[in-house]
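Beneath this line is the structure, given in structure tokens, with notes to follow.
Nothing in this text is a laboratory measurement; each read-out follows from the coordinates by a stated rule. Please read these numbers as outputs of a predicted model, since none were measured by experiment. Don't worry about glycine lacking a Cβ; one is built from the backbone with ideal geometry, like all the others, and counts go over all protein chains shown.
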Amino acid sequence: MSGELSFDIGGVRTEIEFHPRPLCPDASVSVFDSNTMPLFSEGARGVVCLPAGETSKQWESVDAVLRRCAEAGMARDGTLAGFGGGVVCDLAAFAASLYMRGCRLVLVPTTLLAMVDAALGGKTGIDFLGYKNLVGTFYPAQRLVIAPSALRGLPEREYRSGLAEVIKTAIIGDPGLLDLLERDRERVMARDADIVEEVIRRCLAVKGRIVQEDPREKGIRAVLNLGHTFGHALEAATGFDGWTHGEAVAWGIGRAVAAGLRFGMTDRAFARRVRSLLQAYGYRLQADASFEALRPAFGLDKKRAGGATRLVIPCAPGEVRLREAAPEDLAAALAE
């Protein structure tokens with residue numbers, strides 16, 4: 001398959017290109033991590049290489065990128081490119097939003113999680129005071145360059161981390177994708193080229209449609225956080241150790257299902273279906289995480305409104321709703 005997608009996100013046109021192999025676009029400054037540097041940096045200019053992993057998502061990394069932009073003499077019409085997973089995409093986009101109050105941004109996502117979620121939509125950010133994405137901006141990339149073939153060498157755990165975001169997207173807005181994930185699990189896990197590209201395109205179509213309608217998360221875009229209130233709290237409580245982002249989100253989807261059953265909002269047959277799908281893809285549905293351990297992170301969740309924690313509740317295929325949750329509701333969902 002070939003072709004492009006494009007979305008107008010808050011007045012910024014994001015053009016998405018699919019290529020048979022990763023393309024290194026011309027940029028004034030290019031940001032890599034230690035995983036992507038040896039694979040994709042040939043011919044790149046103004047290189048910044050960060051340590052791989054969540055620990056790089058800090059002010060010090062942003063400072064390194066901004067310094068490199070200044071040292072390169074990059075003007076406002078210059079281009080900053082990010083090559084990597086969610087960490088690099090979020091961080092490079094955050095730096096681009098700050099440099100001269102905004103420079104051109106190109107993202108080359110190299111993980112499934114980044115291809116289907118992190119690179120599209122304009123959310124940027126870094127972790128701060130131990131909390132996930134506490135500091136950030138909205139700054140869509142003008143161009144996304146996606147090469148599904150880059151996923152062939154991705155470690156199994158990182159690939160499954162991205163599949164959690166695929167499952168999330170299917171639940172939110174594509175019942176047909178949910179059917180595909182159940183029916184073709186072996187082909188998905190084997191990274192069949194045709195099916196992987198179809199999965200990526202379908203996820204981008206769902207997210208693109210939502211972020212076009214609500215670019216700054218004033219309303220419907222909040223549904224994209226299914227599983228993230230619990231998942232981000234788990235990441236913070238465990239110091240980002242022992243759980244990938246996708247694993248935490250998958251666990252969080254399970255907790256959201258438990259909350260939905262408590263509220264009487266989630267169809268019981270659908271709850272069983274979601275849990276079975278998560279288990280089929282090898283996700284842990286249990287964690288040693290008490291409400292007291294997660295309470296500080298719940299208090300700083302960006303989806304809070306009026307002092308209350310808002311959960312995204314999966315109700316039925318393609319149907320999710322926002323619901324305020326009291327502390328006892330969160331505790332019950334964790335204990336279930």
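Dividing the summed helix terms, -39500 (n - 2.57) for each DSSP H run of n ≥ 4, by the number of residues in the chain produces a 222 nm estimate of -13000 deg cm²/dmol to the nearest 500.
In percent, how large is the relative contact order of the chain, given Cα pairs closer than 8 Å and 6 or more residues apart?
15
Electrostatic tally near Gly264: other residues with Cβ closer than 13 Å to its Cβ, Lys and Arg +1, Asp and Glu -1, net +2.
DSSP beta bridges fully contained in region 55-206 are about 25 percent antiparallel.
Between the listed residues Val108, Trp59, Ser6, the Cα displaced farthest toward the positive end of the dipole of region 1-123, a dipole computed from Cβ unit charges relative to the Cα centre, is found at Trp59. The residue among Ser161, Ala193, Phe298 whose Cα reaches farthest toward the positive pole of the charge dipole of the chain, with charges on the beta-carbon of Lys, Arg, Asp and Glu, is Phe298.
Counting only DSSP beta bridges whose two residues both lie in the chain, roughly 45 percent are antiparallel. In terms of its C-alpha gyration tensor, region 4-153 has a rounded overall shape, because the principal axis ratio a/c (a ≥ b ≥ c, square roots of the eigenvalues) stays below 1.5.
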